[in-house]
Amino acid sequence: MFELIRDVVNEWDPFNLLRSYCCPPDEYKHEVRAIVCHIHDNITAEELSFRISAIFSNHFGESEKCKGTLRVAQKIIEGLRHQGLLPRLRPEPLPFNPSSSQ
């Protein structure tokens, strides 16, 4: 789980620390660990996006630069589902219509 989230966050690189300042690939490890702590089976992309924004704002104090958190949250959730670390979404059941079963 940590590795997947780290890879997504590193690709996002919200403060250009990896691209512009040649920081090591574990530069965001504290933020990634904090994100891992918020993952649960029923988490939504919106909730995770909010958590990611709060984590980065708390650690870096620059929320205005922290753009794209919803897309990042969606990628994390999709990746975790693909790896079987989060349950897949089940389609909503169709409403029962007794007249159609005759």
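Quick note: the coordinates plus some simple rules give every number you see, no bench work behind them. Model, not experiment: these values are computed from the prediction. For neighbour counting, all protein chains shown are included, and Cβ atoms are generated from backbone atoms with ideal geometry for every residue, glycine included.
The table for this structure:
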{"item": "Cβ-based charge dipole, the range 1-68, positive-most Cα from 45, 4, 23", "result": "23"}
{"item": "Cα convex hull of the range 2-88, projected area averaged across orientations, nm²", "result": "5.1 nm²"}
{"item": "In Å, descending, principal axis extents of the Cα set of the range 20-61", "result": "36, 19, 14"}
